[in-house]
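This report concerns only the one structure given below.
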Amino acid sequence: MGHKANMKNAFLILTCVFVFDAAAGAQKPELPKPDTFQLGAKAVRIPPPEGFTEAYSRSAPLATRFIMTEDEANEVLTGHLPDAMMAQLKTAEDAEWNFYTKVSVNRSLKAVDATQKIFDGVVTVLEQQTGGLLDPNGPIIKKAEKETGLVIKEPKYLGSFEKGPNVFSLMMIMNIESQGKPYTVLVTVSFLSVNSRFINAYVARSGSTKADVETLRDFTKKWTASIIAANK
């Protein structure tokens, strides 16, 4: 299987297994500093969203929670939680999360130079197939439920909201049941080409209203723009 096919499969599976725990969190305005990750011969810089703190490297329990929602073909690079939660590390480890972000890379593509042709091809596949892959009785959702122990109900593709030469972002909504407790989750998935490398950026937040959709869309666009700017 070629690089594009590997990325397509891992990316599409991941959009469905990016699951969620709900709890309170808050933001405060700060100028985030990017973390740098060496992907082959290229360094990729990933700033946290404004008001968020890098959480993935802070402790093993935090890292485990981020990894649990990642397809095995991908490697987690970083994850972020709201500053208010990270101010109390033990609480961040144990609490339910209602808002968090994550970035990953396909393992087979870490050292492969990104091209516009591959990027455009993956975007075309995402546009054509994402909605159909969210069948609640289909293999991807069933795989997600098996791997996470959650019940995923009524997953719905809300469409894409940003498309450019180096970014493609889409959104979905789903109802999740964990230990008998229901949650409604909005998830954005962004496919990015930065500094000759492909990365995947995710944002998950509880909510279901039109205002929630617009808020998450704007948050995602601002964050992905900051990632692109940090790599110019």
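Numbers for the structure displayed
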item: Potential extension, Lys142-Gln38 segment - 0.36 nm per residue separation minus Cα distance; result: 34.0 nm
item: Residues whose placed amide H lies under 5 Å from that of Leu39, excluding near-sequence neighbours; result: Val44
item: The range 3-230 - percent relative contact order, Cα under 8 Å, separation 6 or more; result: 22 percent
item: Distant-in-sequence amide H partners of Lys153 (H built 1.01 Å from N, under 5 Å); result: Asn175, Ile176, Glu177
item: Cα→Cβ-extended label distance, 7 Å offset, between Glu177 and Leu89, nm; result: 3.8 nm
item: Principal axis dimensions, the range 3-230 - Cα atoms, whole angstrom, descending; result: 44, 41, 33
item: HN-Hα J in Hz across the range 82-88 - Karplus 6.51, -1.76, 1.60, θ = phi - 60°, x for Gly and Pro; result: x, 3, 4, 6, 6, 5, 10
item: Antiparallel content of DSSP bridges confined to the chain, in %, to 5; result: 100 percent
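Quick note: the coordinates plus some simple rules give every number you see, no bench work behind them. What you see is a predicted model, and the numbers here were worked out from it, not measured in a lab. Positions of Cβ are generated from backbone atoms using ideal geometry, with glycine treated the same way; all protein chains shown enter the neighbour counts.
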